[in-house]
Amino acid sequence: MLSITNGDVYTKALSDILFHGRDEFRWEDDKLPGYYNALKSYNKNVFPIKGFDLNGKEPVNYYALDIRGKVIDEINKLPSIAKRNLKGEIRTPRDSRELGDYLHLIEYFSAQFSLLSNKDEKTKSKIYQKMFKSNATLKDLVNFADDKENLLGGEDFTKDNIQDLIDEGHDLEVVFDKNNVMVVEVGDPRAIKAIGCNSLWCFTYGEAFDSAYRMWSDYSTNDVVYVIVNFNEPSGSSEFMHVLIKPVLEEEDYVEGGDYEDEQPLYDMSNEQSYNTIGYLEDVVGDNFREILSFEY
């Protein structure tokens, strides 16, 4: 014992750990140096343990200390933006059971988050901005990962998937299907969440009125949007789908001197706004795209 601590302030706490964990450690186990380092590096602002006291009457909970170390290892795998926005949760005291629950959640999230490794840096940055919002909780991140599992993993999205959604009763209608391009009229927020599961469109997040449903109300036209699916593009590409949220003006109707970008109602899967909506729709759907994308419901 003294060969590890040299009689410093952590000696009593390490002695308690050894005494209360002797059956697990079997005396010859080499875990003690690790626990000693955990005691020395303990930071009360980083996943604090409830009741932690080096010199208290109750022994330091070595089980909680062990789980805490695993939680910190997992949190350190996430980008700095995640740790900044999880600051409140990181500073919350927990007992061993609560730390165990948190470890289970963060391991689940980390497994899904690791799927992002196949994305390019621009796409990852966009996803990070949507995922790691201010005051986000780990449960929020898990919900995001569950909602956007296909986006993270990059699974293929096919015509059969669209038909399956229609068969399941989603408010979707195929209004154009030609040259490997499909236009789908979408009639409610539940349907846009389903067909847009791989996208970063704002109305594909959450269930509550103040999230996806409010965004649907704000951005759809007559409770309709159109999703243009270009099966000539890889399904993991931002160009694979576009969503049109309002009728496209004739070129002469755009306000002279106005902000042209604000008038563009077309967004790709990474939620980037189009700079040439008319040109894109003419090329992909055809010159009569206004008849197909009518917004008359």
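The values are calculated or read from the model by the stated rules, or taken from the named source; none is laboratory data. Keep in mind the model is a prediction, meaning the values are calculated, not measured. Note: ideal-geometry Cβ built from the backbone for every residue, glycine included; neighbour counts use all protein chains shown.
Descriptive notes on the structure:
- Leading residue by the ranking (farthest from Ala212 (Cα to Cα)) among those in the stretch 180-193 that are touching a residue at least 40 places away in the same chain (Cβ under 8 Å) and outside any strand (DSSP E or B): Asn180
- Counted residues, the stretch 263-297 - those being hydrophobic (A, V, I, L, M, F, W, C), in a loop (DSSP other than H, G, I, E, B) and farther than 19 Å from Pro234 by Cα: 2
- Residue count for the stretch 99-120, restricted to those that are in a helix (DSSP H, G or I), over 25 Å from Pro48 (Cα atoms) and either free of Cβ contacts under 8 Å to residues at least 12 places away in the same chain or hydroxyl-bearing (Ser, Thr, Tyr) (or both): 2.
- Selection count where residues are at pLDDT 70 or above, outside any helix (DSSP H, G or I) and among the hydrophobic types (A, V, I, L, M, F, W, C), scope the stretch 4-35: 1
- Checked across the stretch 143-150, the condition of being assigned to a loop (DSSP other than H, G, I, E, B), within 30 Å of Gly286 (Cα to Cα) and in contact (Cβ under 8 Å) with a residue 24 or more places away in the chain holds for no residue.
- Among the residues listed as Asp287, Asp283, Asp223, Asp188, the single one being of a type in the set (D, E, K, R), surrounded by 15 or more Cβ atoms within 10 Å (Cβ to Cβ) and modelled with pLDDT of 90 or more: Asp188
- Within the stretch 68-98, the residues that satisfy the criterion of being touching a residue at least 24 places away in the same chain (Cβ under 8 Å), surrounded by fewer than 17 Cβ atoms within 10 Å (Cβ to Cβ) and either part of a loop (DSSP other than H, G, I, E, B) or on the phi > 0 side of the Ramachandran plot (or both) are Lys77, Pro79, Arg91, Thr92, Pro93, Asp95.
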